[in-house]
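Worksheet for the structure shown next.
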Amino acid sequence: GVLAGQRVPDGVWGAGRPSDWADAVEAVRQAACTVGVALTVRAGAAAPWHPGRCAELVVRTDSGEQLVGHAGELHPKACEALELPPRTVAFELDLDAVLAASPADPVQVAPVSTFPLAKEDVALVVDAAVPAVDVLAAVREGAGELAEEVRLFDVFTGDQLGAGKKSLAFALRLRAADRTLTAEETAAVRDQIVSLAAKRVGAELRS
């Protein structure tokens, strides 16, 4: 699959945003989730993706791990050769392998919650060499079952962060199936994310 152009259009809510590598990762994650398979997403390297902006997609089976695809931003030379817009993102997924890893029991569809959405932003500071996909994986795991969506929306570097550091800001959409989330519950999710990201990738909450 290939994603290009505006992912969110401009509107009365403000400026839109273009499709990025996180959208490609989320597309394959949702596809696998539909058949009951949880993908492990980690930094990878493969043509024709841009080095440092490629994720490999893995499923865990009884016999170990199996690589089932890649997602991320295409290399500029690939975009040029294929006459695609700059920074086009793409994904590939071995559907046969994903289906083979799916559970034998029918997938149970989660009920649609009628309770209101809670939004929370978290900005984490990590070493510049840490792949954003690894931070995203830690944030998503830390957010747990209450997370409907986790999206990276800003990457910042500057003198105030210190040499060799970058800040990654994530937008969280949280919702419970049976209740309205309290401010304390959303704060607890944020704290859990920060704690797990600190252990996994050495992240610190940006002040």
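Annotation: amide H of ARG206 within the under-5 Å range of ALA123, LEU124, VAL125, sequence separation 5 or more or interchain, hydrogens built in the peptide plane.
Taking 8 Å as the Cα distance limit and 6 or more residues as the minimum spacing, I'd like the relative contact order of the chain as a percentage.
Values: 392 pairs, mean separation 38.1, N = 207.
Reported relative contact order: 18 percent.
Residues whose amide H lies under 5 Å from that of LEU181, counting only those 5 or more places away or on a different chain, are ALA176; hydrogens are built 1.01 Å from N in the peptide plane.
Using the rule -39500 (n - 2.57) for each DSSP H run of four or more residues, divided by the residues of the chain, the 222 nm mean residue ellipticity is -8500 deg cm²/dmol.
Once the mean 1/r over all distinct Cα pairs of the stretch 118-205 is inverted, what Kirkwood radius in angstroms do you read off?
Details: mean 1/r = 0.0762 Å⁻¹.
Hydrodynamic radius (Kirkwood, Cα pairs) of the stretch 118-205 is 13.1 Å.
When both the stretch 29-50 and the stretch 107-151 are represented by their alpha-carbon centers, they are found 16 Å apart. Using every pair of separate Cα atoms, the Kirkwood estimate puts the hydrodynamic radius of the chain at 18.4 angstrom. Counting Lys and Arg as +1 and Asp and Glu as -1 over every other residue whose Cβ lies under 10 Å from the Cβ of LEU205, the net charge comes to 0. Among LEU174, GLY69, VAL98, flag the residue with its Cα farthest along the positive direction of the charge dipole of the chain, charges on Cβ as +1 for Lys/Arg and -1 for Asp/Glu. Towards the positive end, the residue furthest out is LEU174. Each Lys or Arg adds one and each Asp or Glu takes one away; over the other residues whose Cβ falls under 9 Å from the Cβ of ARG173, this sums to 0.
Hey, got a sec? Which chymotrypsin sites (Phe, Trp or Tyr not before Pro) in the stretch 1-51 land in a DSSP loop and have at most 16 other Cβ atoms within 10 Å?
Working: sites: TRP13, TRP21, TRP49; in loops: TRP13.
Listed in order of number, the matching sites are TRP13.
Would you please put 136-145, 37-46 in order of how densely packed they are, using the mean number of other Cβ atoms within 10 angstrom per residue and starting with the highest? Write out the running numbers ahead of the final one.
Values: 136-145: 19.9, 37-46: 16.6.
The densest-packed peptide leads the list: 136-145, 37-46.
For the stretch 61-87 versus the stretch 159-174, the inter-centroid distance based on Cα atoms is 25 Å.
Bear in mind that the values in this text are calculations on the coordinates, not laboratory data. Keep in mind the model is a prediction, meaning the values are calculated, not measured. Every residue, glycine among them, receives a Cβ derived from its backbone with ideal geometry; neighbour counts consider all protein chains shown.
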